[in-house]
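Below is one structure, written out as structure tokens, with a few remarks after it.
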């Protein structure tokens with residue numbers, strides 16, 4: 001007899017998984033991946049530049065397998081459309097049966113926010129006080145909400161005045177006085193489309209941590225290549241970061257090598273060192289991992305019985 005396939009819309013995903021649960025799930029996924037318990041190949045890009053791209057992202061771990069089919073079309077907000085759309089499919093890893101379908105945008109927002117804040121918690125100075133989120137789109141807003149859930153109150157900034165004011169009012173936070181004020185904070189998460197460099201040469205401050213969330217594809221960067229030499233470099237996954245992230249251009253030019261970059265998961269399991277001194281600049285290059293999506297999808301699916309969800313029979 002066919003089992004029902006639960007359908008999670010965006011509101012259902014957020015109803016099932018709060019920021020604290022997303023954070024814990026994504027942290028556990030990083031650890032499982034670093035230990036070889038979960039696996040995932042690098043994401044596959046199907047491009048239609050300059051309009052945008054499509055991405056296929058599979059992963060397996062913890063008794064489940066996942067496939068995410070998702071888009072990134074940065075010009076969509078001007079059309080009244082979301083930048084990120086798509087679906088996440090969750091299957092039983094033992095019999096292959098499809099268990100649930102999720103709105104990819106909501107899953108992406110939760111796991112992006114969790115990764116940004118997890119990297120900050122792991123790599124920032126223990127006495128870091130000021131915090132900012134640059135970029136107030138869906139993922140940036142969720143990142144600010146995640147910081148709040150973890151006890152940090154961020155400033156927010158966006159090139160769109162209306163959007164930054166709206167997000168600040170909704171979350172009960174303050175708009176930074178300027179972009180320069182935001183990027184000068186002790187802890188910063190940049191969640192922009194990645195087309196414009198935010199940190200020009202000489203702009204990173206000693207002791208600063210920046211989670212770079214926007215450069216998730218070829219040709220994108222939020223930090224000038226010249227600044228990378230001044231920082232201790234970390235990434236979510238080297239295979240992806242070297243081909244489609246903040247570090248890609250520098251790696252291709254020979255400015256950054258594999259030996260210069262540490263995977264965040266290795267720090268979390270104690271196999272590598274994170275911040276060395278209070279004066280270190282730490283940069284985290286996030287490309288977005290299917291294991292993170294798997295973590296959030298599993299957490300949401302565990303709550304399926306508590307929600308009034310539509311279902312399919314396939």
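The values are calculated or read from the model by the stated rules, or taken from the named source; none is laboratory data. Everything numeric in this text was worked out from a predicted model, so none of it was measured. Please note: Cβ atoms are built from the backbone with ideal geometry, for glycine as well, and neighbour counts cover all protein chains shown.
Those strands (runs of 3 or more DSSP E) of segment 1-78 in which at least 3 residues are under 16 Å from residue 90 (Cβ atoms), considering only elements entirely within it, cover 5-8, 52-61, 64-72.
Per the listing 240, 208, the residue uniquely outside the structural domain of residue 48 (by TED's automatic domain parsing) and at pLDDT 95 or above is 208. Considering only residues in segment 25-41 that are touching a residue at least 60 places away in the same chain (Cβ under 8 Å) and out of contact with any strand residue (DSSP E or B) (no Cβ under 9 Å at 6 or more places or on another chain), the one that is surrounded by the most Cβ atoms within 10 Å (Cβ to Cβ) turns out to be 26. Only one entry in 127, 95 is without any contact (Cβ under 8 Å) to a residue 24 or more places away in the chain, outside any strand (DSSP E or B) and either surrounded by fewer than 18 Cβ atoms within 10 Å (Cβ to Cβ) or outside the structural domain of residue 66 (by TED's automatic domain parsing) (or both), namely 95.
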